[in-house]
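All of the numbers you see were taken from the coordinates with simple rules; none came from a lab. Remember, predicted model here, so these are calculated numbers, not experimental data. In this analysis, Cβ positions are derived from the backbone assuming ideal geometry, glycine residues included, and neighbour counts consider all displayed protein chains.
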Amino acid sequence: MTSLYGEAADITRILDDAGLWFVVGLGNNPDRVAFEVSAALQARGKRIIPIYPRAEMVHGEQGYATIAEAVAAVGVPDVVDVFVRSDRAGEFADQAIAAGAGAVWFQLGVVDESAAQRVVDSGATMIMDTCPLIEWRRRGQ
């Protein structure tokens, strides 16, 4: 049975191979964790697309108010990385599934097992309650 929290091999594959990351909850506020993590993703060669109601430009990338708008503009994401409260994460998981995202990543502290099960059932990869930075550090990167 696939873990809802993510298999080590899946985390490695996503960190190594996923190039297009939609970052839900990424606005232009440098005090937010999403701002730091998305900068780190970019530093590792990932393209980040901010998903935020104000559709702000962040780290040189145009933001979009919804996942669907971003898909129409830049294509299907490899990963939808979710930086919202757990009680809101499910709606973004469902949008990621509808968009055909290859993976959904719920950040550290974001837990919704029902939404995670929907992601797994859709055939996409689910990573939950961790952060790419934490995972890269575990790998010594």
Fill in: Extension gain from residue 10 to residue 36, taking 0.36 nm per residue of separation minus the Cα-Cα distance
7.1 nm
Response to the item:
Read-out Cα Rg over 2.2 N^0.38 Å, candidates [x] 0.93; [y] 1.10; [z] 1.15; calculated match is [x]
Practice prompt. Count neighbours as other Cβ atoms within 10 Å of each site's Cβ, and list the trypsin sites (Lys or Arg not before Pro) in region 95-141 that are DSSP loop with at most 16 such neighbours.
Written response: 139
